[in-house]
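Everything on this sheet refers to the single structure shown next.
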Amino acid sequence: MRWKLLLRPGWLALTLAVFGFAVLCYTVLAPWQFDRHTSRSEQNAAVEASFTEQPRPLEEVLPAGQRPDRETEWRRVLIEGTYLPEHETIARLRTVQGEPAFEVLTPLRTTSGRIVLINRGYLRPEGGNVPSYAAPPTGVVRVEARLRTDEVDPQRRTPFADASTQGKLHTYVVNSSTVGQATGLDIAPGYAQLTEDQPGVLNPLPLPTLEAGPYFSYALQWVAFGTMAILGWAYFTVRELKPGGVLSEGRPGHNRESRRRKSVAELLAEAEEEEEQTAAQTTDVVASGRGSGDRDSGAR
C-alpha cells in the first residue's frame, strides 16, 4: 500500500523528468562529447603523422572521384598544374588565431586535367575589406599541400559578388562544390591547404594544436549528472515514504495540519495578533494602576 503513494501525479511528473534527463545524458549528451573526443584524437593523430610522412602525388593519395575522409585528411600531397586566378574566391567571416580573416581560394587545373581547390592562406581585413594581395604565379607550378575535407554551411548560403566585395566572388565556407557551382567549374571534392614556402601561398593557415580538449571530461560529467539524478530520486523516494515524509501526508491517522508549514502571511498575522494582545494587557495594567491611585486619594 505504501508504494501506491508513488502513483501521485506530482511524484509521477518528477519521476518522468528525472529519468528523462538521465536518458538524455546517457544517449545524447555524453555520446556527443565522446564523439567529439574521438574526432579530436583522430585529427591529432593525422596531423602528427603528417610531419613524418613524405608527401606523395595527389593521384596516389586521393584517386579521381574520391573525397578526403578521416584517413586521408591532413595527408601531404604534391600537386602539379596551373592556377586559375579568374575563378578565385574569397572565404569571408573567418577566424584565424582568434582574429578575423579572409581566406583566398584559387582553383588549380592539374596536368591530368583535374581541378583542385587550393586554399592559399589568409589575409587580415583592412577597414573591413579584403586588402590587396599577390596574384598566384602563372604557368605550371608544383605545390605541396595538406588535404582537407569540405566545410558545411548549415544555412546553405550561396556565394555572391556585388559592390561591397568590389566584384570579387565571396563565399561563407571552404567547399569545393559551392565554389564549383558559383564558378561553373567541375572541382574535385575537398580542397588542398598550402604549406609554407609554396608557390602562390600567402599567410599559411596554422595547423590545429595537438590537444585532446575537454570533451572526454565533459562526457564523464554528463554520465555523472545522469547517475546523480537517479540516485537523488531514489534517496528522496525512500526518505519520503518513511513516516513523517511528504508522501505520508493523507494517510489514515496522519495529522496533516501538524505537519503543514505555515506561510509567511500566517506568521505575520500571528505576530500582529500577539502584539495586539500584549498592548491590550499593558493598557489593562495601566488602567488598573490608575484606579487604585484614585481610591487612595479619596480615602485621604
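Miscellaneous remarks
- Filter result for residue 240 (among the acidic types (Asp, Glu) and open to solvent by 30 Å² or more (accessible area, probe 1.4 Å)): no
- Pairing each residue of the range 2-20 that is over 14 Å from residue 236 (Cβ atoms) with any residue that is at pLDDT below 80 and open to solvent by less than 40 Å² (accessible area, probe 1.4 Å), provided the two are 6+ apart or on different chains, yields C-beta distances under 7 Å for 2/241.
- Residues (closer than 22 Å to residue 70 by Cβ and hydrophobic (A, V, I, L, M, F, W, C)) located in the range 143-193: 145, 147, 152, 173, 174, 187, 188, 192
- The lone criterion from (1) of a type outside the set (Ser, Thr, Tyr); (2) surrounded by 14 or more Cβ atoms within 10 Å (Cβ to Cβ); (3) at pLDDT 85 or above left unmet by residue 71 is number (2).
- For the range 113-125, the criterion of being in a loop (DSSP other than H, G, I, E, B) and either of a type in the set (Phe, Trp, Tyr) or over 23 Å from residue 184 (Cβ atoms) (or both) is satisfied by at least one residue.
So that you can scan it fast, the table gives a plain yes or no per residue for (1) out of contact with any Leu (no Cβ under 8 Å at 6 or more places or on another chain); (2) assigned to a helix (DSSP H, G or I):
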position	(1), (2)
174	no, no
182	no, yes
190	no, no
201	no, no
206	yes, no
209	yes, no
218	yes, yes
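- Residue identified as within 27 Å of residue 219 (Cβ to Cβ), in contact with a Phe, Trp or Tyr (Cβ under 6 Å, 6 or more places away or on another chain) and of a type in the set (Val, Ile, Thr) among 47, 96, 28: 47
- Meets criteria (outside any loop (DSSP other than H, G, I, E, B), open to solvent by less than 90 Å² (accessible area, probe 1.4 Å), among the hydroxyl-bearing types (Ser, Thr, Tyr) and at pLDDT 90 or above) for residue 227: yes
- When the range 56-102 is filtered for residues that are part of a strand (DSSP E or B), in contact (Cβ under 8 Å) with a residue 24 or more places away in the chain and closer than 19 Å to residue 115 by Cα, the ones remaining, listed by number, are 76, 77, 78, 79, 80, 81, 82, 83, 89, 90, 91.
- Filter result (surrounded by 13 or more Cβ atoms within 10 Å (Cβ to Cβ) and of a type in the set (Ser, Thr, Tyr)) within the range 139-176: 149, 165, 171, 172, 176
The values are calculated or read from the model by the stated rules, or taken from the named source; none is laboratory data. In this text the structure is predicted, and so the values were computed from the model without any measurement. All Cβ positions, even for glycine, are placed from backbone atoms using ideal geometry, and neighbour counts span all protein chains on display. To get the accessible areas, we keep the full protein, side chains included, count just its heavy atoms, and leave off ligands, DNA and RNA. Shrake-Rupley method; radii C 1.70, N 1.55, O 1.52, S 1.80 Å.
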